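Reviewing the structure listed below.
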Amino acid sequence: MVVKEELKKLGLHFIVVDLGEVEIMENITDEMREQLKAALLKSGLELIGDRKSILIEKIKTAIIEMVHYADELPKVNISDYLSEKLNHDSTYLANLFSEVQGTTIRQFIISHKIERVKELIIYDEMNLTEIAWKMNYSSVAHLSNQFKKVTGLTPTHFKQLKDKRRNPIEDIGNNNPENHFVQPEEELNENKTI
């Protein structure tokens, strides 16, 4: 693991090296912090120092793990899930996230859920009813409405597209218009009825 190697090079002893988190036994100097930051950057990793940024990354990671990697979404309230997982008040988490990210936790989750739905549609192993159930939608209609609001297309139309576009996980929910689906011009013309 890159992080462990870099810590060893600096002569630092660690208690825990986990995804997105390192607990070091010693106090480190500013110079050591900068050396570690530079070494991690070369490997494509980022050293996050302030507690708010760390908490934001933990919120994002929890949501991404929940939506993209869990077999099924938890049946509990998402605010309660995050609050319990991160040991912080849900209102504090929601306010901090909105302030720093410029979007709500709810909108961030919706963006990731829709991206996951796109993935499941592309895999073509489940029908929309099964996808709606798996992703905790109350109905196919609810899934379809939310999908159309985010992508501008119905799930059925998305499935028929020749060029199915998905967004990288790290770009989802960053309130960037470039991350929204844009239908290719030729497909717009193909689907016109006269």
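The values are calculated or read from the model by the stated rules, or taken from the named source; none is laboratory data. Predicted model, so just to flag it, every value in this text is computed and none were measured. Cβ coordinates were reconstructed from backbone atoms using ideal geometry, including for glycine residues, and neighbour counts include every protein chain displayed.
Mind listing whichever residues of segment 41-61 are aliphatic (A, V, I, L, M) and in contact with a helix residue (DSSP H, G or I) (Cβ under 8 Å, 6 or more places away or on another chain)?
Just the residues of segment 41-61 that are aliphatic (A, V, I, L, M), to begin with: 41, 45, 47-48, 54-56, 59.
Once the filter is applied, which keeps residues that are aliphatic (A, V, I, L, M) and in contact with a helix residue (DSSP H, G or I) (Cβ under 8 Å, 6 or more places away or on another chain), segment 41-61 yields L45, L47, I48, L55, I56, I59.
Scanning segment 1-26 for residues that are exposed (fewer than 13 other Cβ atoms within 10 Å of the Cβ), of a type in the set (A, V, I, L, M) and touching a strand residue (DSSP E or B) at 6+ places or on another chain (Cβ under 9 Å) gives M1, I15, V16, M25. The set of residues in segment 75-103 that are closer than 23 Å to S138 by Cα and in contact (Cβ under 8 Å) with a residue 24 or more places away in the chain comprises K75, I78, S79.
Tell me which residues, restricted to segment 39-82, are in a helix (DSSP H, G or I), among the small types (G, A, S) and within 14 Å of the chain's Cα centre (by Cα). Working first, answer last.
From segment 39-82, those in a helix (DSSP H, G or I) are 39-42, 51-69, 78-82; that's our starting set.
Next cut, among the small types (G, A, S) only: 39, 53, 62, 79.
If the condition is that a residue be in a helix (DSSP H, G or I), among the small types (G, A, S) and within 14 Å of the chain's Cα centre (by Cα), then A62 is the only one that fits.
Run S79 past the list (1) at pLDDT below 95; (2) out of contact with any helix residue (DSSP H, G or I) (no Cβ under 6 Å at 6 or more places or on another chain); (3) of a type in the set (S, T, N, Q) and report the number of the one that doesn't hold. It fails just one condition, (2). If I ask for residues that are among the basic types (K, R) and farther than 20 Å from I105 by Cα, which ones from segment 37-63 would you list? Result: K37, K42. Just a yes or no: is a residue in segment 62-82 surrounded by 12 or more Cβ atoms within 10 Å (Cβ to Cβ), among the polar types (S, T, N, Q) and in the same structural domain as S138 (by TED's automatic domain parsing)? Scanning segment 62-82 turns up at least one residue that is surrounded by 12 or more Cβ atoms within 10 Å (Cβ to Cβ), among the polar types (S, T, N, Q) and in the same structural domain as S138 (by TED's automatic domain parsing). Taken as a whole, the condition of being touching a residue at least 40 places away in the same chain (Cβ under 8 Å), in a helix (DSSP H, G or I) and buried (at least 17 other Cβ atoms within 10 Å of the Cβ) does not apply to I131.
Per the listing V140, V100, the residue uniquely under 20 Å from K52 (Cβ atoms), touching a helix residue (DSSP H, G or I) at 6+ places or on another chain (Cβ under 6 Å), assigned by TED's automatic domain parsing to the domain that holds I172 and not acidic (D, E) is V100.
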